[in-house]
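All remarks here apply to the structure that follows.
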Amino acid sequence: MITAAALPQDLIARIDQAVDSDTDRLVELFKDIHRNPELAFGEVQTSRLIEKALQNLGFDVTKGIGRTGIAATLRNGDGPVVMYRADMDANAIEEQTGLDYASDVRVTREDGSVVPAAHMCGHDAHVTWLIGMASAIVSVRDSWSGTAVLIGQPAEEPITGAKAMVDDGLYNFIPKPDVLIGMHTIPAPVGTVSSSPGPRLAGTDQVDIVFRGVGGHGSMPEATTDPVQMAARAVVDFASIVPERVDPAQTAVLAVGSISAGVDNNVIPSQAVIKTNIRWYDPQVRETLLDAIKSVADTVARAAGVDDGLLPEIVMKGGSLPLVNDPELADSMARSLASIVGDDQVLTDLPAATASEDVQILKGPYPDLPFNYLMVGTADPDVYAQARARGESVPFALHTPHYVVDLAAVPYGTKVAAYAMLGLLAAR
């Protein structure tokens, strides 16, 4: 198995110099991506940025994998094949950071709804790090041997993009990797990085529950079978599923993200949709949650008088298994990075979280592929310290309107990505 090696001081200095001299460009690139967010499978402009940047660096680039995905390969002699992934999509969140490069973008979705879009999960940094890292490792290609495979992945937020790329033949365009790595922003101080072994992020499923009834005039609810009432009762009952049906020693989350039904005040619609999200580590917990969701929905519908032929439809929209870092790979990468940025800056015991990812789905036909996912601090250290002094664990959370990637994290994350790649590629 490939493990990360310590980098020689002269190579570290060359990487640092390459990134430092590129920082102004990378910061402007980051701001441009941040101003122009694109939602899942709509990452046309972002994908094009990656395509052009990597083509100019000499990578063989294939675009349009899984609709908007990018796969780029740079062969540089014999050695390991190291695959690195960055996700590209933004969130349907209205930004409230007050930054002078904040997003005010609105996007029309396929269903015709118009929603805000903003990078409130740091994928703008992920794309910038990938482009900056590619430039850095090309600048020192005399120092390493092997093949770098870089992936620009769409649609991480709905947990469907990695599967879309694999299903669309990703491995027809790239060589089989020996190792897969990725990175994500976290609201820890700039300068920190986590390479922690074992389970890191929960498995997840995006589940819609479609209630069907009989619509009618708002003045005559007795003549209808109201799906809005059904959805409302189901949401209340969903809240009891985890505490009543799941062992409290297990990790389980059931969250409702949206209820949609009808248009007019005085019209009872014939359909209502609840959009839920579940999180789990144990597959049996997943089955318990899914069974309970269906049971609650059916019970509510039957109580409302719905015939068996119109019981709620359960729609599975995408999901991912728990993200598990390979212990040996995580340990070797932690030691390699610590020798560069310092032991006190590398976290190896970050607690597992209930957030989820789909990067590991890129393993595709190679489920035993060694994998490690780094978490990189992107919060201003002073802002972080002030939050801690107030008794807050972090200054702002992912997927909130106030999430900020400090600009100092642009070069820092780029360097970490380059150190990580070069630690895994064969030294010359």
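All of the numbers you see were taken from the coordinates with simple rules; none came from a lab. Only a predicted model underlies this, so the values are computations on that prediction, with no experimental measurement involved.
Worth a mention:
- Computed lengthening from Arg245 to Asp368, 0.36 nm per intervening residue step minus Cα-Cα distance: 41.0 nm
- Derived scalar couplings ³J(HN,Hα) [the range 135-150; Karplus, 6.51 cos²θ - 1.76 cosθ + 1.60; whole Hz; x for Gly, Pro]: 4, 5, 6, 5, 5, 10, 5, 6, 9, 9, 9, x, 10, 9, 10, 10
- Global form of the range 78-175, assessed from the alpha-carbon gyration tensor, a/c cut-off 1.5: oblate
- Euclidean distance of C-alpha centroids, the range 137-203 and the range 280-313, integer Å: 36 Å
- On Cα atoms only, tilt of 327-341 relative to the major axis of the chain in degrees: 60 degrees
- Recomputing semi-axes √(5λ) of the Cα gyration tensor in Å from the coordinates shown identifies the correct label among (1) 42, 22, 21; (2) 36, 22, 20; (3) 40, 27, 19 as (1).
- Crossing angle, helix 227-238 versus the chain [Cα axis fit, 0-90 degrees, rounded to tens]: 60 degrees
- Per-residue ³J(HN,Hα) for the range 43-56, Karplus 6.51 cos²θ - 1.76 cosθ + 1.60, θ = phi - 60°, Hz, x for Gly and Pro: 7, 5, 5, 5, 4, 5, 4, 5, 4, 5, 4, 6, 4, 5
- A straight chain from Arg48 to Asp78 at 0.36 nm per residue would run longer than the Cα-Cα distance by 7.9 nm.
- Only Cα pairs under 8 Å and 6+ residues apart enter the sum, and on that basis the relative contact order of the range 203-319 stands at 42 percent.
- Taken over the chain, lysine pairs spaced eight or more positions apart, or on distinct chains, with alpha carbons under 19 Å apart number 13.
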